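A.B. asks: Okay, handing you the structure first.
Coordinate-derived values only; no laboratory data. These figures come from a predicted structure and were not determined experimentally. When we count neighbours, we look across all protein chains shown, and the Cβ atoms used for this are built from the backbone with ideal geometry, even at glycine.
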Amino acid sequence: MKRTLFRLFVMLALVPATVFAQGVQTGTLTGTVKTTDGLSIADAAVVVTSPALQGERAVATDVNGIYSIPNLPPGTYTIRVAKDSLTPVELTALLPLGATAAVDVTLAVAAIAETVLVEGVIPPAVTSTQTSANITAGDVNALPMGRTPYLISELMPGLTTNTPNANQLTISGGFAYDNVFLVDGVDVNDNLLGSMNDLYIEDAIGEVQVLTAGVTAEYGRFSGGVVNIVTKSGSNRFGGSYRTTFTRPSWTSETPFERTNRIERGTPTTANPYLNNKLSHFSEFTFGGPMAKDRVWFFGAGRFEDSSTFGTMPATAVPYTKSNDSKRYEGKLTGTLRPSHTLQGSFIDNRVHRANEPVLSFSIDRAALISPSVPNRLGVVNYNAALNQRMLLSAQYSQKHFATEGVGGTSTNILDSPFLTRTGTMYQYNAPYFDASDPEQRNNRQLTASVTYFASDRRFGSHELKGGVESFVDTRIGANAQSATGYVFMSDIRLSGGVPVLDGDGHPVMMFVPGVSRVQRWIPHRGAEFNMTTTSAYAQDRWIVSPKLTLNLGLRFEHAASEATAGPKSPGVSRIVPRLGAAYDLEGNGGTVLQASFSQYSGKYNAVQFSRNTHVGNSDRYTTVYTGPAGEGRAFAPGFDVNNYSGVVAGTFPALNVRFADDLSSPLTTEYTFGAARTFGARSYAKVVFVQRKTSNFIEEFIQHGNGTTPIVIDGVTLGQLDNILYDNSD
């Protein structure tokens, strides 16, 4: 199977023109220092300071007159450039997140001892082959837009929110589950759906960058794109914010479905006394400042939600009011151990307790309402050091914890088993789906390190060389048990005029039909654990060949392997992918820039697929058919007697009949881009990018006669033969 995407979009941005390049939490200031007659100046002193930076960073220009200062926090910088017998220059420039801002400087012969002040200098137009866009906290506050990273990303070109699941993004035509969300350089993806965990506080977000094409070798484990978020830090000044919002169910109009069923929002009913018209409020605060000026900064933030949301179940129109009690806390310390050596630690905790919500979107029975908890936290330690004017070191370690608790039923009485309909629209009823005694965890831990070295030669130009490694461990714990009783019944419900008939307790009336009704027997292995480890290494060279030509040459290696407490070990897969780009400045001043790139992305090693042959998230299951007699309702005992079900018609036993091909390899996305950019004045530019992508080598499920069968034996009884399932690559 192959998929080719041709995409053309025009990005018009009334924002400062900058050069977007590699970067995670930081950016790079670079440029050329020349005399008024165009000669490059070597060994000129360049010193930068910023409210976002503790202390200062100082370098000297190389033999080509080029300076480069990487690993700088995003913000507004003052750049001071000086050389003996020449007039010093001081200017300001904006450095966005993940950007390489090119700021060229001209020094004149010193007539008198003075410093030339140049205010508000804006870097030239976008010259990078990496296609991206940024939105700062100031932009969010000024525009009528959502404040979460997901809603902020909606404004970016090259993506859509038309996805299979909520809070996913399709970037450059890639799969919605195959993007990377980074908060302060840390992967905060949900292990299953690929959406983003809520490990942020809206008012604490400093800037959001979305990378959609031509992504450099620093980034991996995706085939779509990257959403890069940096949160605020302290500074040498005390500052903070407070925001509060109020809502009430009755302040919004009823939907046509609610009006048809005469449901008034917030008004309790006999069938559902849980309805309320509670005043909901959301509060946020941020506060930060110095503990020791230019040495230690602190930053703290909080978000508190006590809200109620009105809803109605499909088909039965059962109304409910879901409550949400959420508390998020964030703390960050930034310290300078010695000049240009910075250590930063941060922790964010998100505790969510919800009540009275349907267990599934297609639940139609008030008995399916649950009250789950979702603890989620993240800890990060980051170290950045300028070892000298040419070499920088960066290292980071993080751990993320995510769990779901209280999801599902608690009763082991077979009468409290969940039901699914068999034909037509699928509905769930009678009891909560899932098993609350089988909590699930989706965690990760990440270790990264990189070294950057600036090399130069008159003949071969200037090089910003960067190499790095990453170890990423994706952990999932839990059996994904589907029922507290161990059984899931499948029977249609009685209808009257197309509407489900409810019994005296408000349950839809199930119909037990011989040969049609079925029961699934689930055999979970609680506490099972699965670990997917991805080890990566990359090398990147930003090569300034001449004042007009810049090349980005990168290579990335990834190897993934998995292991579990039960089930055979999945095969390891490896791939090396290039990331190449070129930008040519026609006029040498950033006025008009042509660019092109060739990139390959090794798709995410999906933990859902690679755990298919384990008991993690995959309980053993088999399905039998009802033999009679016919009847209906919860009081009909024969329908709940599992001895009245026989003949295995379906099943899966992951550790027995699910296998992986020995020569399995990762999915591959190949991308070409061609673009042109043109500046219009100091604060605007237009950029046109053509992107072609082809995705192949998918990992898919194959059920074929050649795979053979496996006998299934439970408690000494052979239930039958199951077809073996093989996961292999497809074209």
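A.B. asks: Convert each backbone phi in the stretch 527-544 into a coupling constant with the Karplus relation 6.51 cos²θ - 1.76 cosθ + 1.60 (shift: θ = phi - 60°), then list the ³J(HN,Hα) values in order as whole Hz, x for Gly and Pro.
C.D. replies: x, 4, 10, 10, 10, 10, 10, 10, 10, 10, 8, 9, 9, 9, 10, 8, 10, 8
A.B. asks: While we're looking at this one, here's another question. List the residues whose amide H sits under 5 Å from the amide H of Leu719, counting only those 5 or more places along or on another chain, with H placed 1.01 Å from N in the peptide plane.
C.D. replies: Ile712, Val713, Ile714
A.B. asks: In addition: Among the lysines, which have Cα under 26 Å from the Cα of Lys604 when same-chain residues fewer than 8 positions away are ignored?
C.D. replies: Lys2, Lys400, Lys466, Lys569, Lys694
A.B. asks: Would you mind putting 96-103, 683-690 in packing order, based on average other-beta-carbon counts within 10 Å, highest first? All intermediate terms of the calculation are to be shown ahead of the outcome.
C.D. replies: Details: 96-103: 26.8, 683-690: 17.9.
Descending mean neighbour count gives 96-103, 683-690.
A.B. asks: Cβ under 13 Å from Arg237's Cβ, Arg237 left aside: what net charge do those residues give with Lys, Arg +1 and Asp, Glu -1? Display every interim value, and only then the final one.
C.D. replies: Numbers: positive: Lys232, Lys293; negative: Asp294.
Around Arg237, the charge tally is +1.
A.B. asks: While we're looking at this one, here's another question. Run the numbers on the stretch 18-118 and let me know its relative contact order in percent, using alpha-carbon pairs under 8 Å that are six or more apart.
C.D. replies: Numbers: 278 pairs, mean separation 36.9, N = 101.
37 percent.
A.B. asks: Pop the C-beta distance of Asn165 and Glu587 into the FRET formula with R0 = 51 Å and round what comes out to the nearest 0.05.
C.D. replies: Details: r = 46 Å, r/R0 = 0.91.
Efficiency for this residue pair is about 0.65.
A.B. asks: In the stretch 18-118, what percentage of the DSSP-assigned beta bridges are antiparallel, given to the nearest 5?
C.D. replies: Working: 25 of 34 bridges.
Taking every DSSP beta bridge within the stretch 18-118, about 75 percent pair in antiparallel fashion.
A.B. asks: Which net charge results when you count Lys and Arg as +1 and Asp and Glu as -1 among the other residues whose beta-carbon is under 9 Å from that of Met313? The partial results should precede the final answer.
C.D. replies: On the way: positive: Arg366; negative: Asp365.
Around Met313, the charge tally is 0.
A.B. asks: Between the DSSP loop rule and a limit of at most 13 other Cβ atoms within 10 Å, which chymotrypsin sites (Phe, Trp or Tyr not before Pro) in the stretch 473-513 are left?
C.D. replies: Working: sites: Tyr487, Phe489, Phe512; in loops: none.
Of the chymotrypsin sites (Phe, Trp or Tyr not before Pro), not one in the loops of the stretch 473-513 has a Cβ with at most 13 other Cβ atoms within 10 Å.
A.B. asks: Also, quick follow-up: Work out how much length Thr92 to Val642 would gain on full extension: take 0.36 nm times their residue separation and subtract the Cα-Cα distance, in nm to one decimal.
C.D. replies: Gain on extension, Thr92 to Val642, equals 190.4 nm.
A.B. asks: Projected onto the charge dipole of the chain (+1 at Lys/Arg Cβ, -1 at Asp/Glu Cβ, origin at the Cα centre), which of His353, Ala449, Asn162 gives the Cα projection farthest towards the positive end?
C.D. replies: Ranked along the dipole, the leading option is Ala449.
A.B. asks: With r defined as the distance between the Cβ atoms of Glu264 and Ser411 and R0 fixed at 22 Å, what FRET efficiency is calculated, to the nearest 0.05?
C.D. replies: Working: r = 32 Å, r/R0 = 1.47.
Computed FRET efficiency for Glu264 and Ser411 comes out at 0.10.
A.B. asks: Mind listing the phi-derived Karplus ³J(HN,Hα) values for the stretch 664-678, rounded to whole Hz, using 6.51, -1.76 and 1.60 with θ = phi - 60°, and x for any glycine or proline?
C.D. replies: 4, 10, 6, x, 9, 10, 10, 9, 10, 10, 9, x, 8, 10, 9
A.B. asks: What percent do you get for the relative contact order of the stretch 506-588 when only Cα pairs under 8 Å and 6+ apart count?
C.D. replies: Numbers: 121 pairs, mean separation 22.2, N = 83.
This gives 27 percent for the stretch 506-588.
A.B. asks: Sticking with this one: Starting from 0.36 nm per residue, how many nanometres of slack lie between Thr423 and Ala60 once their C-alpha separation is accounted for? Let's see the in-between values first.
C.D. replies: Numbers: separation 363, 0.36 × 363 = 130.68 nm, distance 7.37 nm.
Gain on extension, Thr423 to Ala60, equals 123.3 nm.
A.B. asks: Less than 17 Å apart at the alpha-carbon level, and either on another chain or at least 8 residues along: which lysines does that give for Lys548?
C.D. replies: Those lysines meeting the cut-off are Lys34.
A.B. asks: Here are labelled values, (i) 116, 59, 42; (ii) 105, 61, 45; (iii) 144, 114, 68, and one is the computed Cα extents along the principal axes in Å for what I pasted. Which one?
C.D. replies: (ii)
A.B. asks: Still on this structure, please answer the following. Relative contact order for the chain: what percent, with Cα pairs under 8 Å and sequence separation of 6 or more?
C.D. replies: Details: 2172 pairs, mean separation 84.7, N = 731.
Once divided by the residue count of the chain, the mean separation gives 12 percent.
A.B. asks: FRET efficiency for His281 and Leu192, Cβ-Cβ distance as r, R0 = 25 Å, nearest 0.05? Kindly include the intermediate steps, with their values, before the conclusion.
C.D. replies: Working: r = 31 Å, r/R0 = 1.26.
With a Förster radius of 25 Å, E is 0.20.
A.B. asks: State the answer as a single residue: which of Leu580, Ile714, Gly220 lies farthest towards the positive end of the charge dipole of the chain, with beta carbon charges of +1 for Lys and Arg and -1 for Asp and Glu, about the Cα centre.
C.D. replies: The Cα lying farthest towards the positive end belongs to Leu580.
A.B. asks: Loop only per DSSP, at most 12 neighbouring Cβ atoms within 10 Å: give me the chymotrypsin sites (Phe, Trp or Tyr not before Pro) in the stretch 173-264, ordered by residue number. If you can, show how the numbers build up before the last one.
C.D. replies: Working: sites: Phe175, Tyr177, Phe181, Tyr200, Tyr219, Phe222, Phe238, Tyr242, Phe246, Trp251, Phe257; in loops: Phe175, Tyr177, Tyr200, Tyr219, Phe222, Phe238.
Here the sparse-neighbourhood loop sites are Phe238.
A.B. asks: Please say if the stretch 636-731 is rounded, prolate or oblate, where rounded means a/c under 1.5 for a ≥ b ≥ c the square roots of the C-alpha gyration tensor eigenvalues, and otherwise the choice is prolate for a/b larger than b/c and oblate otherwise?
C.D. replies: Values: a/c = 5.77, a/b = 2.57, b/c = 2.24.
Note, shape of the stretch 636-731 comes out prolate.
A.B. asks: How do the peptides 412-420, 462-470 rank, highest first, by the average count of neighbouring beta carbon atoms within 10 Å per residue? Write out the running numbers ahead of the final one.
C.D. replies: Working: 412-420: 18.7, 462-470: 20.4.
Ranked by mean Cβ neighbours within 10 Å, highest first: 462-470, 412-420.
A.B. asks: Same structure again: Per residue, how big is the convex hull around the C-alpha atoms of the stretch 466-596? Give it to me in cubic angstrom, could you?
C.D. replies: 280
A.B. asks: Same structure, new question: For the chain, what is the calculated [θ] at 222 nm in deg cm²/dmol (nearest 500), taking -39500 (n - 2.57) for each run of four or more DSSP H residues and dividing by its residue count?
C.D. replies: Numbers: 5 runs with 24 residues, N = 731.
Calculated at 222 nm, the ellipticity per residue is -500 deg cm²/dmol.
A.B. asks: Right, next: With θ set to phi - 60° and the Karplus curve 6.51 cos²θ - 1.76 cosθ + 1.60, what are the ³J(HN,Hα) couplings of the stretch 577-585 in order, to the nearest whole Hz, using x for Gly and Pro?
C.D. replies: Listing the rounded values in order: 10, x, 9, 10, x, 9, 10, 10, 8 Hz.
A.B. asks: Which of the aspartates and glutamates could a cross-linker span from Lys232 if the Cα-Cα distance has to be under 18 Å and same-chain partners fewer than 8 positions apart are dropped?
C.D. replies: Leaving aside aspartates and glutamates fewer than 8 places away in the same chain, those within reach of Lys232 are Asp139, Asp184, Asp187, Asp198, Glu202, Asp203, Glu207, Glu284, Asp294, Glu330, Asp349.
A.B. asks: Could you pull out every residue, at least 5 positions away or on a different chain, whose amide H is within less than 5 Å of the one on Ser483? Hs are placed 1.01 Å off N in the peptide plane, and Pro or chain starts have none.
C.D. replies: So Ser483 has HN proximity to Phe434, Asp435.
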